[in-house]
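Engineer: Got a structure here, written out as structure tokens. Questions coming.
Just so it is clear, none of the values below were taken in a lab; they were calculated from the coordinates. On a predicted model such as this, the values are computed, not experimentally measured, just so you know. For neighbour counting, all protein chains shown are included, and Cβ atoms are generated from backbone atoms with ideal geometry for every residue, glycine included.
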């Protein structure tokens, strides 16, 4: 009975995430593609990659729906289980690293406008995105190998990525713990530092209207909320699992937050992209204007603060 209820909850969240997330991300994909085509900025390139990551997640979600509808029993070919597992966690970890990259770019744009202008080349964002995709792929490949390697595989299991043998758990749990530190904790601390710094800097700028400050700060806090609510709980399950020697029973529910994340990302990041770009471009413009007199120099310095 408990398994049936759990399956129904998981299926419901997956269906809602798919129905809302797919059209929202397709729209975001189009919007960011247009913006990049007209004026390729680092943030938009990173957010485009984040949108692609969410779409990859949504593409394999029907397979996870089928699994939930089958009471968490995998009835499809096992090859599809490996592909689904890889893409599922690939998208989750890629998103956390892209969130970190976006926060760093925004921080540089607000705190160091001239440096931002010098580094504002599409090639840098493309390279960063490629490195993130590679790191995530390497990390997630380990989980698939652990599941499929003949010497470790549990041939009697009818569950996709579950019911691990003792040998599998000895390898998998430390890998998950490492993922928590490298792919969650580091991005989390980076995002918190960058966005709190952005908030502090924005409030210290007297020439920016209160409404614009509140909008930019709201977007920063919204981004942090997405990370804390949708990314952190699942990764915390890695720590609990490592300590207990097995996955906690609430791990699957924490994963649902990561699924629902695909509905929230397009809304927050589409608007926050415009907000932060606007702020950065204004700061750059102010710093580039050459002062004609000492009085103008003083005025320019005030506007920078």
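Engineer: Run the simple label-point estimate for residue 130 and residue 163 please: 7 Å along Cα→C-beta, distance reported in nm.
Structural biologist: 4.3 nm
Engineer: Tell me, what is the percent relative contact order of the range 49-159, built from C-alpha pairs under 8 Å that lie six or more residues apart?
Structural biologist: On the way: 63 pairs, mean separation 38.6, N = 111.
Once divided by the residue count of the range 49-159, the mean separation gives 35 percent.
Engineer: Right, here's the next one. Sort 75, 85, 43, 165 so that the residue with the fewest other Cβ atoms within 10 Å of its own Cβ comes first and the one with the most comes last. Write down the numbers at each step before the final one.
Structural biologist: On the way: 75 11, 85 20, 43 23, 165 16.
So the ranking, lowest neighbour count to highest, is 75, 165, 85, 43.
Engineer: Assuming R0 = 25 Å, can you tell me the calculated FRET efficiency for the pair residue 112 and residue 229, based on Cβ-Cβ distance, to the nearest 0.05?
Structural biologist: So, using R0 = 25 Å, E works out to roughly 0.25.
Engineer: Can you quote the Å³ per residue value for the convex hull of the Cα atoms in the range 2-287, rounded to an integer? Before the final figure, lay out the partial values.
Structural biologist: On the way: hull volume 36.2 nm³, N = 286.
Taking only Cα atoms, the range 2-287 has a hull volume of 126 Å³ per residue.
Engineer: Still on this structure: Determine, for 244, 265, 252, the number of other Cβ atoms within 10 Å of each Cβ, and report the residues in order from fewest to most.
Structural biologist: Placing the least packed residue first, the sequence is 244, 252, 265.
Engineer: A further question on this structure: If neighbour count is taken as other Cβ atoms inside 10 Å, put 178, 67, 166 in order from fewest to most.
Structural biologist: In increasing order of surrounding Cβ atoms, one gets 166, 178, 67.
Engineer: R0 = 30 Å: FRET efficiency of residue 145 with residue 71, Cβ-based, nearest 0.05?
Structural biologist: After rounding to 0.05, the efficiency reads 0.65.
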